[in-house]
Amino acid sequence: MRTLAEPPGTCQLGVPRARRSDQPDKPGTPKTRRHSNDNWGVSGHRFYQDLAPWWPLISRVDDYAAEAGFAATLLRDANTVLELGSGGGHNAVHLKEHFALTLVDLEPDMLAESRKINPELTHIQGDMRTVRLGEQFDAVFVHDAIDYMTTEAHLRQALETAFVHTKPGGSALFVPDATAESFRPETDHGGVDGADGRAARYLSWSYDPDPDDTTTLTEYAFLLRDADGRTTAVHETHETGLYPTATWLRLLRETGFVARAVIEETDEDRPPRTLLVGLSPDGR
């Protein structure tokens, strides 16, 4: 599945909400933190909230291996990496083989899913537009959660967040699903059966109702079958941002990065994505 990641800096769905502990973390214990200046659960998408436990059956971890592998080649000089909009942690499963990762996502329910498969990593609840961790990383990685920046102002905020968390000489990598040049209407479907007796299937339909604005729509239909055989149907509409490559490069440069576009190398049966790379100048 070509996931549409998360809204203003996130991923989406339901599980107990992470709480920030007032007690110091034990040595070697992964941390879960909540950034106090953010708005929680504002995506409005059940997909990332109460339906989150279905995520592994809708978007399989293995489906991220190739994309994460290519991203790792662009981040290869990094040791520490911050992922904004980390969602269910499926990219992190592959990237943590190469880097020390810190994960940030808007939705506590998606973070709960990520902790199941990445228990050793630090998870922080935060909005990619506003979160400030007070530390910098060798690189910042933002997968298709960036698609939920539906205005240029919000996209600029997310780029600024990446910039302030990137060490001088480091880099930031952004992986939107499409740019204005590459977007095409499409339908997709998938889903798998789980070992616990549950099963999920989905249909997605992406289109651009107004080519003159900066957004597109994706209609999602989910069929979710519980282990006892009960089946639930869910429909959602997701609005996502769409920008020309030139806009990406301009905003990256205005933020302070040295910017370039890279065409993805992929063996998957789809057009390659345009990835955006921002280099943070030395001595800034």
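None of the figures in this text is laboratory data; all of them are computed from the coordinates on show. Because the structure is predicted, anything quoted here is derived from the model rather than measured. FYI the Cβ positions are ideal-geometry reconstructions off the backbone, even for glycines, and counts take in every protein chain you see.
What to note about this one:
- Sequence ranges 209-217, 51-59, 165-173, ranked by mean other-Cβ count within 10 angstrom, highest first: 51-59, 165-173, 209-217
- Counting all C-alpha pairs of segment 186-241, share separated by more than 18 Å (%): 44 percent
- Of the GluC sites (Glu not before Pro) found in segment 60-112, those in coil by DSSP whose Cβ has at most 13 other Cβ atoms within 10 Å are Glu97.
- In sequence order, calculated HN-Hα J values of segment 172-180 (Karplus, 6.51, -1.76, 1.60; Hz; x Gly/Pro): 10, 10, 10, 10, x, 4, 7, 10, 4
- Listed values for segment 132-139 are Karplus-derived 3J(HN,Hα) couplings in whole Hz (6.51 cos²θ - 1.76 cosθ + 1.60, θ = phi - 60°), namely 9, 9, x, 8, 10, 10, 5, 8, and x replaces Gly and Pro.
- Put simply, the C-alpha atoms of segment 58-193 give a gyration tensor, and the ellipsoid matching it has half-axes of 21, 19, 15 Å, longest first.
- What separates the Cα centres of segment 111-128 and segment 57-87 is a distance of 14 Å.
- Annotation: peptides 123-130, 225-232, ranked by per-residue average of other Cβ atoms within 10 Å with the highest first, follow the order 123-130, 225-232.
- Protection proxy ranking of 143-149, 179-185, by the mean of other Cβ atoms within 10 Å over each peptide's residues and highest first, is 143-149, 179-185.
- Couplings for segment 196-207, taken from phi via the Karplus curve 6.51 cos²θ - 1.76 cosθ + 1.60 with θ = phi - 60°, read 8, x, 7, 8, 9, 9, 9, 10, 10, 9, 9, 7 Hz in order; Gly and Pro are left as x.
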